[in-house]
1. Given the criteria at pLDDT below 90, surrounded by fewer than 19 Cβ atoms within 10 Å (Cβ to Cβ) and hydroxyl-bearing (Ser, Thr, Tyr), does Thr405 qualify?
2. So which of Pro467, Pro471 ends up being assigned by the TED database to the domain that holds Met505, in a loop (DSSP other than H, G, I, E, B) and either closer than 14 Å to Leu334 by Cα or open to solvent by less than 40 Å² (accessible area, probe 1.4 Å) (or both)?
3. Do any residues in segment 437-453 that are loosely packed, with under 15 Cβ neighbours inside 10 Å have Cβ atoms under 6 Å from those of residues that are of a type outside the set (Phe, Trp, Tyr), where the two are at least six apart or on different chains, and which pairs are they?
4. Which pairs turn up if I take residues in segment 187-202 that are of a type in the set (Lys, Arg) and look for partners that are surrounded by fewer than 13 Cβ atoms within 10 Å (Cβ to Cβ) with beta carbon separation below 9 Å, at least 6 apart in sequence or on another chain?
5. Could you say whether any residue in segment 244-256 is within 54 Å of the chain's Cα centre (by Cα), charged (D, E, K, R) and open to solvent by 80 Å² or more (accessible area, probe 1.4 Å)?
6. For segment 330-360, enumerate the residues that are of a type in the set (S, T, N, Q) and open to solvent by less than 10 Å² (accessible area, probe 1.4 Å).
7. Using beta carbons and a limit of 8 Å, which pairs, at least six apart or on different chains, have the first residue in segment 5-17 and more than 15 Å from Ala27 (Cα to Cα) and the second one among the polar types (S, T, N, Q) and open to solvent by 60 Å² or more (accessible area, probe 1.4 Å)?
8. Restrict the check to segment 158-166 and report whether at least one residue is open to solvent by 60 Å² or more (accessible area, probe 1.4 Å) and within 25 Å of Tyr282 (Cα to Cα).
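The values are calculated or read from the model by the stated rules, or taken from the named source; none is laboratory data. Every value quoted in this text rests on a predicted model; they were computed, and no experiment measured them. Note: ideal-geometry Cβ built from the backbone for every residue, glycine included; neighbour counts use all protein chains shown. Accessible surface areas use protein heavy atoms only, side chains included; no ligands, DNA or RNA. Shrake-Rupley method; radii C 1.70, N 1.55, O 1.52, S 1.80 Å.
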Amino acid sequence: MLAEESPQLLRQQYSAESLEEVFLKLAVLQNMGKRRRSSIAKEVIDNVTVPAISNPALDLSDEQDNAEISGEFGDNISMTSAIPDPIPTAAVSALPVPPEEDVSVSFCNNQFMSSHHLHAIIWKNFLWMLRNKGSMLFVVGLPILQTFLFCYAIGHDPTGLKLAVANYEMNEEMISKQYCPSIAGCNQTQLSCRYLDMLVRNRSMVMIFTHTDDEATDLVRQGKAWGTLTIANNFTESLTNRIESGRYVDDGTLDASELKLRLDMSDQQIATLLFRDLVDTYYSFVDHQLSDCDINPGIARIPVIYQEPIYGAIIPSFNDFVAPGVILTIIFFLSVAITTGAMLLERNEGMLERSLVAGITGPEILFSLLVTQFTVMFSQCVFALLVVFYFFNTTLMGSIWSVLTMCILSGLCGMSYGFVISCAVDTDRTATYVAMGSFLPNVMLCGIIWPVEGMYPLLRIISKIMPLTKPVESLRSILQRGWGLSEPTVYYGFITITTWAIVFMFLSILLLKFKKG
């Protein structure tokens with residue numbers, strides 16, 4: 001096809017044993033006399049002896065003779081002009097490679113960035129997105145679905161917790177009917193039932209009344225309840241005497257007026273919340289009882305006044321603590337996924353090599369993917385924030401624009417990290433392993449699900465340099481404290497995420513330029 005001759009004739013004319021050797025000599029003839037900015041093929045060219053044959057198919061002597069061959073990105077040699085020099089009629093050896101020329105590189109010239117190249121490859125990427133509407137809808141809708149799942153599943157107090165109660169103030173009929181009557185007003189009639197009624201109404205607990213505390217303990221051992229509560233048969237009388245007698249109350253009265261609680265601590269979160277509800281309800285129960293009898297409720301309180309908090313709500317929500325980390329993690333790793341997939345698609349289908357041969361540079365390819373994937377990432381950020389703040393009313397004390405900026409920077413950092421993965425590995429499977437392997441360390445070490453202050457000291461040092469640790473702290477301060485960019489905790493997060501994005505993008509360019517194959 002190149003020389004327009006039969007295979008046997010070509011082997012005879014070029015004294016070659018195979019068509020591969022013929023092709024090599026034809027390539028040397030075609031490029032003979034060109035100025036080269038890369039000396040990678042010099043050793044090969046010097047060892048090839050070219051026969052004295054003038055091939056009409058290769059003779060383009062009437063064209064310009066100032067063609068140039070440039071080496072871009074390792075061994076990929078792209079021709080800035082496909083016009084060869086005339087082939088001499090006498091047998092000659094390959095000319096020596098001329099010295100390299102110093103070419104000034106700027107952002108606007110053809111050696112680094114070309115507006116025509118960028119327009120073409122950006123349009124190509126957008127066309128792919130338009131022709132794969134299903135995939136793009138899934139990519140844009142995935143963070144919305146994940147945000148819905150997070151807001152519905154995480155951070156809410158558990159309800160319907162079962163508590164086995166051995167209330168010795170109840171008779172056999174009450175236990176059999178599983179009913180403990182509560183009488184309002186200033187009276188001393190079965191105060192235990194009044195307390196338990198407040199637990200059911202205010203904390204949505206489920207009471208299982210038993211005859212003895214041993215029977216209640218068996219229910220916990222069988223996994224049918226989360227704890228046991230034992231109430232003495234003279235609880236009402238003892239509690240009244242305890243309040244009225246004060247410092248003169250005897251030990252037996254103190255013991256009978258106390259609630260005996262045993263919990264299943266295998267689930268720390270549920271046990272902690274259950275204990276909190278039992279204690280808070282007891283304080284409310286005593287306050288209501290004393291208020292109904294025109295007695296100052298303060299005499300029964302502990303001497304610690306829990307005033308309005310400086311930041312946050314008086315009843316903290318785990319959702320508010322986790323939300324900043326979850327938002328940034330979703331945006332970061334979805335950006336990793338979409339950019340890794342886009343870059344590997346370019347490589348596996350051969351579009352990357354064809355683009356490089358056509359003269360497209362590595363920065364142009366990365367910038368085009370950055371532009372097209374940024375539109376997808378930006379839509380993911382907007383929809384995720386709409387769901388979190390306007391659908392679920394998550395706490396937002398600061399500026400929504402600061403939150404949006406932090407999310408966009410997190411997405412850009414994730415995209416840059418995705419470029420690094422796709423340039424460093426060769427297959428989709430390896431890229432998936434790398435992305436999944438870096439997910440859990442980021443979640444565990446960046447203070448997303450547990451405070452950094454609770455980590456091992458060595459891990460705390462490593463955590464400070466992770467990409468999402470400072471941004472999570474920054475976003476948490478914006479949401480919960482209402483801080484702005486003037487606070488160090490806030491702007492440190494912006495500086496950290498921007499620095500990591502630049503580092504990842506620089507590594508991507510280096511890998512694309514120097515990685516073989």
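1. Numbers: at pLDDT below 90: no; surrounded by fewer than 19 Cβ atoms within 10 Å (Cβ to Cβ): yes; hydroxyl-bearing (Ser, Thr, Tyr): yes.
The answer is no for Thr405.
2. Values: Pro471 fails: in a loop (DSSP other than H, G, I, E, B).
Only one candidate qualifies: Pro467.
3. none
4. Close Cβ pairs satisfying both conditions: Arg194/Ile183; Arg194/Ala184.
5. Taking segment 244-256 as the starting set, the residues that turn out to be within 54 Å of the chain's Cα centre (by Cα) are 254-256.
Next cut, charged (D, E, K, R) only: 255.
Now narrow it down to the ones that are open to solvent by 80 Å² or more (accessible area, probe 1.4 Å): 255.
Looking through segment 244-256, at least one residue is within 54 Å of the chain's Cα centre (by Cα), charged (D, E, K, R) and open to solvent by 80 Å² or more (accessible area, probe 1.4 Å).
6. Applying the first criterion (of a type in the set (S, T, N, Q)) to segment 330-360 yields 335, 339-340, 348, 355.
Correct list: Ser335, Thr339.
7. Taking only residues 6 or more apart or on different chains, the pairs are Glu5/Gln13.
8. If we filter segment 158-166 for residues that are open to solvent by 60 Å² or more (accessible area, probe 1.4 Å), which is where we start, we get 159, 162.
Then drop every residue that is not within 25 Å of Tyr282 (Cα to Cα), which leaves 159, 162.
Within segment 158-166, one or more residues are open to solvent by 60 Å² or more (accessible area, probe 1.4 Å) and within 25 Å of Tyr282 (Cα to Cα).
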